[in-house]
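A short write-up of the structure that comes next.
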Amino acid sequence: MLLLNGVERTHRASDGGFLLSVPELSVAAGERVVVLGPSGSGKSTLLDLLAFLAAPDRAETFRFSPAGEDHDIKALWRKGDRAALTRLRAAHMGYVLQTGGLLPYLTVRENLLLARRLLGLEVPGPADRLAEAVGVGELLHRMPAQLSIGQRQRVAVIRALAHIPRLILADEPTAALDTGLGERVIDTLVAVTGAIGAALILVTHDEELAGRAQGRIVRCRALRDAETPGSVVAA
Ligand SMILES: Nc1ncnc2c1ncn2[C@@H]1O[C@H](COP(=O)(O)OP(=O)(O)OP(=O)(O)O)[C@@H](O)[C@H]1O
């Protein structure tokens, strides 16, 4: 589904820079991968690369193959074809943020349906069923402000999946939650991702939550170069 070889991204700042190096990373269809690393090790930078939100500075291979298709992401970046990258992301990826990101002026149900409407898919699709399955079915007609933080995060998980993408990217989805609620969100993420057969890439700094997700662990490790601090991503 995802194949990266020799991919790098550099952040430049007035007080220095940061280099993220991905020598080799592959994610199979339906696979669960947990990206672990301390703060500042490049986890968000990696997710931005994988979601085609940030361009690599260097890439030997960067391919994305959802649902029987095969796309050369390196070539699309080289051509500057952001429209194609955006289309691929919208059709095949779901993104779960640290704090919900639900639109405050839409009901929970309308938030869930939005991704499908934007893609021209029929509604409601499986959104209601998924919401029932994770215990937020009775909250569908509320506004996001009327939900607890934990409920909002579970709705955010369902929203990311409502268009049945092939790949879910989750960036510290439990950062705003205490341990019990965090575990519940991870369980929801694992269950619904498994139910639709999507691959999951979960980013966290929390070893315990990483263990709970029971995925293949990929680590962001510090690069020992005083000139260009950075990290290398390795299994
Ligand atoms: N736009 C940017 N410009 C310059 N440097 C940046 C930029 N974005 C991130 N960095 C630097 O790149 C490094 C990696 O940041 P990144 O956000 O990817 O780490 P992270 O592991 O996700 O951290 P956290 O767990 O704290 O969110 C950090 O040193 C950060 O200061």
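Using Cβ contacts closer than 10 Å as the measure, can you line up R216, R154, R9 from fewest to most? Let's see the in-between values first.
Values: R216 13, R154 25, R9 21.
Taking fewest neighbouring Cβ atoms as first place, the list is R216, R9, R154.
Pick out, from A176, W77, L202, the residue whose Cα sits farthest towards the positive end of the charge dipole of the chain, with +1 on the Cβ of Lys and Arg and -1 on the Cβ of Asp and Glu.
Value computed over the given set: W77.
Using only DSSP helix segments of four residues or longer, with each worth -39500 (n - 2.57), what per-residue ellipticity at 222 nm results for the chain after dividing by its residue count and rounding to 500?
Details: 8 runs with 82 residues, N = 235.
Value at 222 nm, helices only, nearest 500: -10500 deg cm²/dmol.
Starting from the Cα of H141, move 7 Å in the Cα-to-Cβ direction to define the label point; list residues of the stretch 88-124 whose amide nitrogen is under 15 Å from there.
Residues passing the 15 Å test: 107-110.
Just going by the charge dipole of the chain, with Lys and Arg at +1 and Asp and Glu at -1 on Cβ, which of S26, G40, G211 is farthest out on the positive end?
Positive-most Cα among the choices belongs to S26.
Return the single residue from L202, L88, L20 with maximal mean-square fluctuation; model: Gaussian network over the chain, springs between Cα atoms under 10 Å.
Taking springs between Cα atoms under 10 Å, the residue moving most is L88.
In debye, nearest 20, what is the charge dipole magnitude of the stretch 2-234 about its Cα centre with +1 on Lys and Arg Cβ and -1 on Asp and Glu Cβ, if you could check?
Values: 27 positive and 26 negative charges, 95 e Å.
Roughly 460 debye, rounded to the nearest 20.
Using only Cα atoms, find the angle between the long axis of helix 149-161 and the longest principal axis of the chain, and express it within 0 to 90 degrees, rounded to the nearest 10.
Between helix and principal axis, roughly 70 degrees.
In the stretch 176-235, which GluC sites (Glu not before Pro) fall in coil by DSSP and have 14 or fewer other Cβ atoms within 10 Å?
On the way: sites: E183, E207, E208, E227; in loops: E227.
Answer by residue number: E227.
Between H11 and V123, what is 0.36 nm times their sequence separation minus the Cα-Cα distance? Round to one decimal in nm. Could you put the intermediate results ahead of the total?
On the way: separation 112, 0.36 × 112 = 40.32 nm, distance 4.07 nm.
Full extension of this stretch gives 36.3 nm more.
So how tilted is helix 82-92 from the main axis of the chain? Cα-based, degrees 0 to 90, rounded to 10.
Helix 82-92 and the main axis of the chain meet at about 50 degrees.
Could you line up M143, M1 from fewest to most neighbouring Cβ atoms inside 10 Å?
Numbers: M143 16, M1 19.
With the sparsest Cβ surroundings first, the list reads M143, M1.
A short reminder: the numbers here are calculations on the coordinates, not readings from a lab. Values in this document were obtained by computation on a predicted structure and should not be read as measured data. For neighbour counting, all protein chains shown are included, and Cβ atoms are generated from backbone atoms with ideal geometry for every residue, glycine included.
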